[in-house]
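In what follows, a structure is listed as structure tokens, so that the remarks can point back to it.
What follows draws every value from the coordinates through simple rules; no lab data is involved. Just so we're clear, the structure is a prediction, and the values are computed from it rather than from any experiment. Don't worry about glycine lacking a Cβ; one is built from the backbone with ideal geometry, like all the others, and counts go over all protein chains shown.
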Amino acid sequence: MGKPLNQQRRGKGSPSFTAPSHLYNVDSAFKEYDAADRNGMMRGEVISFIDNPANSALLMAVKDENGKFMFLIAPEGIAIGDEIQLGRKAEVGLGNILPLAEIPDGTPIYNIELVPGDGGKMVKTAGSTAYLVSHLGSKVYVSLPSKSVKILNDNCRAEIGVISLGGRLDKPIFKAGTMHHMVSSTARRWPHVRGVAMSAYDHPFGGKQHHPGRSTICARNAPPGRKVGLLAAGSVGRGGRK
């Protein structure tokens, strides 16, 4: 009798495939969209830095003029005691939060909102940054780290700069145990084992002893125990779809 596929076990759900959110300290997000974001400006001060397991980059605790705290993703070069400005009239400076309409073309930005007021959804990984390409009416073109260009509303907010800890992956990992602890806080799929390297009872592609096997194209309506490989592909190889 075969065993469930990895994607079946992951989809069923268990603590092995669930991120340990009970260990996460804070949630990084902008403050609610208010009058300062539309017409004014608010100041804040960086009080401390937080190493949150949920984020690959450092978070900074910012205390605003009203005495309230925000937890934002720290940019490269920020320090404790630095001033952070938030709002439409804020300066285009390191760590400041402005609507995309007020940010000049070519500025590096991160922690970008998809919808005005959602708190920041895109470009939040350590060392990453996006660039504001151009403005066209109420639309703004943003070049993402993937090189794709996304069109956003000019009222969406973003932070200025490059996210901190950009060189965190430069140091070699060396040991599988080190990698295990790195991914355990995020519940990522690791290790990723090829299906052809498995036994026949572990995977539909398993059991091949260096001889041609079945096609990797899979029907769209295949049962869960067979749905692996190229899902409903028209063709494969260099020719592509005809």
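Summary of values
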{"item": "Region 75-174 - percent relative contact order, Cα under 8 Å, separation 6 or more", "result": "32"}
{"item": "Dipole magnitude (debye, nearest 20) for the chain, charges at Cβ of Lys, Arg, Asp, Glu", "result": "2220"}
{"item": "³J(HN,Hα) computed for each position of region 123-135 - Karplus, 6.51 cos²θ - 1.76 cosθ + 1.60, integer Hz, glycine/proline x", "result": "6, 10, 8, 4, x, 8, 7, 10, 10, 7, 7, 6, 10"}
{"item": "Space enclosed by the convex hull of the alpha-carbon atoms of region 1-104, per residue, Å³", "result": "154"}
{"item": "Listed residues Ile109, Ser56, Gly2: farthest to the positive end of the dipole of the chain (Cβ charges)", "result": "Gly2"}
{"item": "Ellipticity estimate at 222 nm from DSSP helix runs (n ≥ 4, -39,500 (n - 2.57)) divided over the chain, nearest 500", "result": "-2000 deg cm²/dmol"}
{"item": "Scattering profile of region 1-40 at q = 0.14, 0.21, 0.22 Å⁻¹ [log10 I(q)/I(0), Debye over alpha-carbon scatterers]", "result": "-0.60, -0.78, -0.81"}
{"item": "Principal semi-axes in Å for region 22-160 [√(5λ), Cα gyration tensor, largest first]", "result": "22, 18, 13"}
{"item": "Principal axis dimensions, the chain - Cα atoms, whole angstrom, descending", "result": "67, 45, 32"}
{"item": "Two-decimal ratio, region 175-222, of alpha-carbon radius of gyration to 2.2 N^0.38 Å", "result": "1.56"}
{"item": "Amide H contacts of Val162 (H built 1.01 Å from N, under 5 Å, at least 5 apart or other chain)", "result": "Glu76"}
{"item": "Least to most buried among Ile50, Ile103, Ile173 (fewest other Cβ within 10 Å first)", "result": "Ile173, Ile50, Ile103"}
{"item": "Rounded to 5, percent antiparallel among DSSP beta bridges of the chain", "result": "90"}
{"item": "Whole-Hz couplings from phi, Karplus 6.51/-1.76/1.60, listed for region 186-199; x for Gly and Pro", "result": "10, 6, 6, 7, 7, x, 9, 9, 5, x, 6, 8, 8, 6"}
{"item": "Ranked by how many other beta carbons lie within 10 Å on average, peptides 134-146, 175-187 from highest", "result": "134-146, 175-187"}
{"item": "Between region 119-192 and region 40-108, the Cα center-to-center distance that results, in Å", "result": "17"}
{"item": "Proxy reagent accessibility, fewest Cβ within 10 Å first, across Cys218, Cys156", "result": "Cys218, Cys156"}
{"item": "Calculated from backbone phi, Karplus (6.51, -1.76, 1.60) coupling profile of region 71-82 in Hz, x at Gly/Pro", "result": "10, 10, 6, 7, x, 5, x, 7, 9, 5, x, 5"}
{"item": "Shape metrics for region 137-242, restricted to C-alpha atoms - Rg then Dmax, Å", "result": "21.4, 61"}
{"item": "Nonlocal amide H pairs with Ala54, under 5 Å, H built at 1.01 Å", "result": "Asn25"}
